[in-house]
């Protein structure tokens, strides 16, 4: 990732004047706990509260990038469930018409070095607790509430994984499944601090993006700053 330009660095410092020391300290704490070593993919989730609850879980767990595939179902923001959490995430949406958006998403993930783990019930599937995100970056893929993942997703993922179940019910809701998969992965990553966190450049980019969202009327302030600091 490209470092901030001199102008962007000055803009970051300018925004910092409008943010309390407490918020700045909390921002640094959150940045230190962010990771791109693990990501989550949601394929055609049709209930907005389920997709939004999954995003909220990801933000709470320190995941930065979320990939949303919209082949048959448009993702709708449910602000009552999200509680503002989506503002701090990097959402990658795949919603072009007349193409297989799952294929486009998978291609992008593979280009960025991710191993693809399709979540699906099955006795022969790998346990989520055996996934090692320290060796290669991990993308956990979740399908819709009724039919699960598409045939393409199941066929083209690197592995199929399961969450071990001990009751009569075969599956959990999306948010609970996301939480369990991320908890298992993050616990392992915490022992590999070198791979867990973001680069300096990534932190700078996010810090600038988040400051824009924290400062009231940031667009007007930025426009005026750029006018006087070309």
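Segment residue 200..residue 226, full-extension length gain: 7.0 nm, with 0.36 nm per residue of separation and the alpha-carbon distance subtracted. Against the longest principal axis of the chain, how steep is helix 21-32, in degrees 0 to 90 to the nearest 10, with axes from Cα atoms? Relative to the chain, helix 21-32 is tipped by roughly 40 degrees. Taking the Kirkwood radius as Rh and the Cα radius of gyration as Rg, the chain has a ratio of Rg/Rh equal to 1.00. Counting only alpha carbon atoms, the long axis of helix 174-189 and the longest principal axis of the chain meet at about 70°. Computed from Cα positions, the angle between helix 218-228 and the longest principal axis of the chain comes to roughly 40 degrees. The ranking of 65, 130, 44, 123 from fewest to most other beta carbons within 10 Å of each one's beta carbon is 123, 130, 65, 44.
Taken along its three principal axes, the alpha carbon spread of the stretch 135-186 comes to 32, 28, 17 Å, from the longest extent down to the shortest.
No lab work stands behind these numbers, since they all come straight from the coordinates. Keep in mind that this is a model prediction, so the values were computed, not measured. For neighbour counting, all protein chains shown are included, and Cβ atoms are generated from backbone atoms with ideal geometry for every residue, glycine included.
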